[in-house]
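Everything below concerns the one structure shown next.
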Amino acid sequence: MKVTVIGTGYVGLVTGACLSEMGNHVLCLDVDEHKIAILNSGGIPIHEPGLEPMVKRNAVAGRLQFTTDIAAAVHHGTLLFIGVGTPPDEDGSADLQYVLSAARNIGQHMTDYKVIVDKSTVPVGTADRVRAAVQEALAKRGLSMEFAVVSNPEFLKEGAAVDDFMRPDRIIVGADDERATLLMRAIYAPFSRNRDKLLLMDTRSAELTKYAANAMLATRISFMNELARLAECVGADIELVRHGIGSDPRIGTRFLYAGTGYGGSCFPKDVKALVRTGQEFGIDLRVLAAVEAVNDIQKRVLVDKVLARFEGNLQGRSFALWGLAFKPDTDDMRDAPSRVIVHELLRLGATIRAYDPVAMDEARRVFGDLPGLSLASHPAEALQDADALLIATEWREFKSPDFEQIRVLLKQPLIFDGRNLFDPVLVRSLGIEYHGVGRGEGVRQTRTDNVASGA
Ligand SMILES: NC(=O)c1ccc[n+]([C@@H]2O[C@H](COP(=O)([O-])OP(=O)(O)OC[C@H]3O[C@@H](n4cnc5c(N)ncnc54)[C@H](O)[C@@H]3O)[C@@H](O)[C@H]2O)c1
């Protein structure tokens, strides 16, 4: 099939690469000329395991191409996937300007039947708005043409995106047009061979399904983070509690990790957007408002622990920070807890030397020349003469570190582990002071304002 993917970011590039891998002819469009130039010169603008060889293989075979030419891109595909960004607007609602601009572009250039597939995460009712935008652009040309708008939210996880796309749990298709449904079944048939994974529904239910999934996962994380705070106060270990409840099949083991809060390009903005949708319809989504509030507090958890440990004064202190990406196996730092940690520690007068296995370029872009922050080229370099090590991302290479090296290189042997990577008993037996999240003993969590006011 001939497919166009509009928006060549984390979702668009993975979608384009995986569809071309199955033999389709895919043209990826982006308005970012720099991104397209990188792709056309054989490079890849993001870090995503397994993506680079797949892109190269299919580009060489002529099945995967990249362009900034809107008209050519619209002409190319019968299926046009929209995978552009939907960042939060000032009021928290999803900003649809990129989606609607893509829709108008389609209406301005289409000359035959198209299936327009909303793959971006978009609020309920967006398929109708896309349809209207295309219709309006066609009307301006004095044309009326048949087309369908389908909702096909994406569930891939950054860090495992290729795998998720190639072996999806489910494929949600919201469609009310028989011809479009047949084409969607055909394009996804190779990804659905061992069992039928395609769940067909109306567009509004499909749109809501995506938000419901992310909201549920974010809720689990905030729930555990809140319990972790309680665990510290009552002398329980949240890791034991996690095992204890996760073994119940009604609960399951995933997304139950206490830590420094959720980040990334999806959960924060999607929870906000769903709360906003509720407000528009007069429904107060109280659980989700609490999920967001708990997460805002949790992103500060390491800063609060550090402050408490240093008696409220971080002037002149220096810290090693391991992990900048919002989660492992990605270079994405959108809404990453590390950003809050960096800005807060610097604001409180400390300096930071940070290291991340793949997000260093992104860190340079995000932080620029931030006074007090330097980037280390390897983990040990970050440790040298720091007052403590802070861990914000659970990269594999941090999971079994050289504790002796940590002990020797730090000014004092002190770890604040925001991802509960280590066994507190083991680390302490090595002569290292250890503070995890929700691990029963250790420093009680004290809010900055309490420390500042002496409360
Ligand atoms: N990143 C994820 O893990 C993930 C997972 C599932 C769903 N989503 C959703 O998918 C959508 C895209 O997310 P992303 O992380 O890939 O975003 P991204 O920012 O990485 O990529 C979006 C791309 O769209 C391009 N773009 C913007 N307007 C355009 C236009 N009119 N025509 C062509 N290109 C245009 C941008 O230049 C950018 O390269 C969002 O709605 C997001 O919520 C993301």
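The values are calculated or read from the model by the stated rules, or taken from the named source; none is laboratory data. The structure displayed is predicted, hence computed values, not measured ones. Note that we place each Cβ from the backbone using ideal geometry, even for glycine, and neighbour counts take in every protein chain shown.
Which ones in the stretch 259-297 are hydroxyl-bearing (S, T, Y), assigned to a loop (DSSP other than H, G, I, E, B) and within 16 Å of the ligand (Cβ to nearest atom)?
Kept after step one, since they are hydroxyl-bearing (S, T, Y), are these residues of the stretch 259-297: 260, 262, 265, 277.
From the residues that got through so far, the ones that are assigned to a loop (DSSP other than H, G, I, E, B) too are 260, 262, 265.
Listed by number, the residues that qualify are Y262, S265.
Put simply, of R396, R407 the only residue that is surrounded by 12 or more Cβ atoms within 10 Å (Cβ to Cβ) and farther than 14 Å from L321 by Cβ is R407. Screening the stretch 349-365 for residues that are outside any strand (DSSP E or B) and in contact with a helix residue (DSSP H, G or I) (Cβ under 7 Å, 6 or more places away or on another chain) and picking the one that is farthest from D163 (Cα to Cα) gives D356.
Kindly evaluate S20 against the criterion of being of a type in the set (S, T, N, Q), at pLDDT 95 or above and in contact with a Ser or Thr (Cβ under 8 Å, 6 or more places away or on another chain). Criteria not met by S20. Here is a list of conditions, (1) within 15 Å of the ligand (Cβ to nearest atom); (2) touching a helix residue (DSSP H, G or I) at 6+ places or on another chain (Cβ under 9 Å); (3) touching a residue at least 24 places away in the same chain (Cβ under 8 Å), and M22 meets all of them except one; can you say which number that is? Only one criterion in (1) within 15 Å of the ligand (Cβ to nearest atom); (2) touching a helix residue (DSSP H, G or I) at 6+ places or on another chain (Cβ under 9 Å); (3) touching a residue at least 24 places away in the same chain (Cβ under 8 Å) is unmet by M22, namely (1).
In the set T219, T209, T203, which member is among the polar types (S, T, N, Q) and within 17 Å of the chain's Cα centre (by Cα)? Every option except T219 fails the conditions. The residues listed here are I251, I172; of these, the one that is of a type outside the set (S, T, Y) and in a strand (DSSP E or B) is I172.
Could you tell me whether the stretch 61-82 includes any residue that is within 22 Å of T203 (Cβ to Cβ) and free of Cβ contacts under 8 Å to residues at least 12 places away in the same chain? The answer is no, given that none of the residues of the stretch 61-82 is within 22 Å of T203 (Cβ to Cβ) and free of Cβ contacts under 8 Å to residues at least 12 places away in the same chain. Among the residues of the stretch 1-21, those that are in a helix (DSSP H, G or I) and of a type in the set (S, T, Y) comprise Y10, T15, S20. Candidates are the residues of the stretch 156-169 that are assigned to a loop (DSSP other than H, G, I, E, B) and hydrophobic (A, V, I, L, M, F, W, C); the one that is farthest from the ligand (Cβ to nearest atom) is A160. Of the residues making up the stretch 310-330, those that are more than 24 Å from A228 (Cα to Cα) and surrounded by fewer than 24 Cβ atoms within 10 Å (Cβ to Cβ) are N313, L314, Q315, G316, R317, S318, D329.
Only one entry of D176, D196, D169, D163 meets the criterion of being within 19 Å of the chain's Cα centre (by Cα) and free of Cβ contacts under 8 Å to residues at least 60 places away in the same chain, and that entry is D169. Output yes when any residue across the stretch 287-309 is more than 30 Å from A213 (Cβ to Cβ), surrounded by 22 or more Cβ atoms within 10 Å (Cβ to Cβ), free of Cβ contacts under 8 Å to residues at least 60 places away in the same chain and in contact with a Leu (Cβ under 9 Å, 6 or more places away or on another chain), and no when none is. No: the stretch 287-309 contains no residue that is more than 30 Å from A213 (Cβ to Cβ), surrounded by 22 or more Cβ atoms within 10 Å (Cβ to Cβ), free of Cβ contacts under 8 Å to residues at least 60 places away in the same chain and in contact with a Leu (Cβ under 9 Å, 6 or more places away or on another chain).
Matching residues to (1) under 26 Å from the mean Cα position of the chain (by Cα); (2) surrounded by fewer than 19 Cβ atoms within 10 Å (Cβ to Cβ):
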residue	(1), (2)
F403	no, yes
K411	no, yes
R419	yes, no
V425	no, yes
G431	no, yes
Y434	no, no
V437	yes, no
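Within the stretch 137-155, being over 17 Å from I6 (Cα atoms) and within 16 Å of the ligand (Cβ to nearest atom) holds for A137, F155. Could you identify the single residue in K305, K327, K299 that is in contact with a strand residue (DSSP E or B) (Cβ under 8 Å, 6 or more places away or on another chain) and modelled with pLDDT of 95 or more? Only one candidate passes the filter, namely K305.
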